[in-house]
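Report on one structure; see the data block that follows.
The values are calculated or read from the model by the stated rules, or taken from the named source; none is laboratory data. If you're wondering where the values come from, they're calculated on a predicted model, not measured in any experiment. We place every Cβ from the backbone using ideal geometry, glycine too, and count neighbours over all the protein chains shown.
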Amino acid sequence: MRRGSKWLLSLMLTVGVGLLVTACGAGDKQAASGSSSSGGGGASEKVYVVGTDAAYPPFQMMEADKISGHDIDVMNAIAEAAGFKIEWKNTGWDPLFDGLDRGTVDIGISSITIREDRKQKYDFSEPYFEANQLILVPENSPVTKLADLKGKKIGVQAATTGEFVVQKAFGNTYEGLKGYDDMPSAIDDFYNGRVDAVVGDDGMIKYYVKKFKDKKFKMIKDDSFEKEYYGIIVKKGNTELLNKINEGLKKIKENGKLQEIYNQYFGNE
């Protein structure tokens, strides 16, 4: 540590720059507290980086350069209820898992279905959402179940449950299966006739049905589709963080906040 006037000038400059960086950064990063810095004057409080794929409305999406959606509201509510701070990072789907592996992401929430293969590599929270798969087809389509799509072009988001159920029905090398980096791209190709159907999570399919009411299509529910549950993931063995997440999730389930968020996006179903 330096002394005298030079030390005082250095201190003043450091404080001034620190305040400027804090003020500028506060509006750029979303966190449960509205800021990515904890303040308080003492030791810095841990701020957990939450990764998501903001191309899966209404669960995760970009609105006016900000990440928003059902899952974002859920995670913010969990962090607030459990008393920890977070900041958001729009990683994309595959980089989300890579970020957890490399330690650049602490938490992942992105409509991630709890599956045994994923549980081998990551620790999951308790479920926060129940989902199922739906088939989106033209209004005049004779399709009533997934098996009817054999020989047809089917759009899915790659590496998601939608892809897995199609592969289970028609084989891993089914030529009609077309995987996309995100669901909006699959939906866009469907609207433009480049695929005959889309298979995806019911929450997203219903969102697009509601958004594009003028489009002539229908939703098909196949009884062979099993219910699935979304969970929040952390790196394997990070029990301390997982317990915090489950604590907050339990609180928002009990106080009705989780249901309130659901109703905001999906109505009183």
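Figures for the structure shown
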{"read-out": "Subset tally (residues that are modelled with pLDDT of 95 or more, surrounded by 21 or more Cβ atoms within 10 Å (Cβ to Cβ) and aromatic (Phe, Trp, Tyr)) for region 44-76", "value": "1"}
{"read-out": "Matching residues, region 150-175, being without any contact (Cβ under 8 Å) to a residue 12 or more places away in the chain and either buried (at least 21 other Cβ atoms within 10 Å of the Cβ) or among the hydrophobic types (A, V, I, L, M, F, W, C) (or both)", "value": "PHE164"}
{"read-out": "Residue that is farthest from GLY179 (Cα to Cα) [pool: residues in region 197-246 that are β-branched (Val, Ile, Thr) and within 17 Å of the chain's Cα centre (by Cα)]", "value": "ILE245"}
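Matching residues to (1) under 24 Å from ASN76 (Cα atoms); (2) buried (at least 16 other Cβ atoms within 10 Å of the Cβ); (3) touching a residue at least 40 places away in the same chain (Cβ under 8 Å):
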| position | (1), (2), (3) |
| --- | --- |
| TYR180 | no, yes, no |
| ALA197 | no, yes, yes |
| LYS213 | no, no, no |
| ASP222 | no, yes, yes |
| TYR229 | yes, no, yes |
| LYS235 | yes, yes, yes |
| LEU242 | yes, yes, yes |
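Yes or no, residue by residue, for (1) crowded, with 22+ Cβ neighbours inside 10 Å; (2) hydrophobic (A, V, I, L, M, F, W, C); (3) under 17 Å from TYR230 (Cβ atoms):
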{"position": "ILE78", "(1), (2), (3)": "yes, yes, yes"}
{"position": "ALA82", "(1), (2), (3)": "no, yes, no"}
{"position": "LEU96", "(1), (2), (3)": "yes, yes, yes"}
{"position": "GLY99", "(1), (2), (3)": "no, no, no"}
{"position": "PRO127", "(1), (2), (3)": "no, no, yes"}
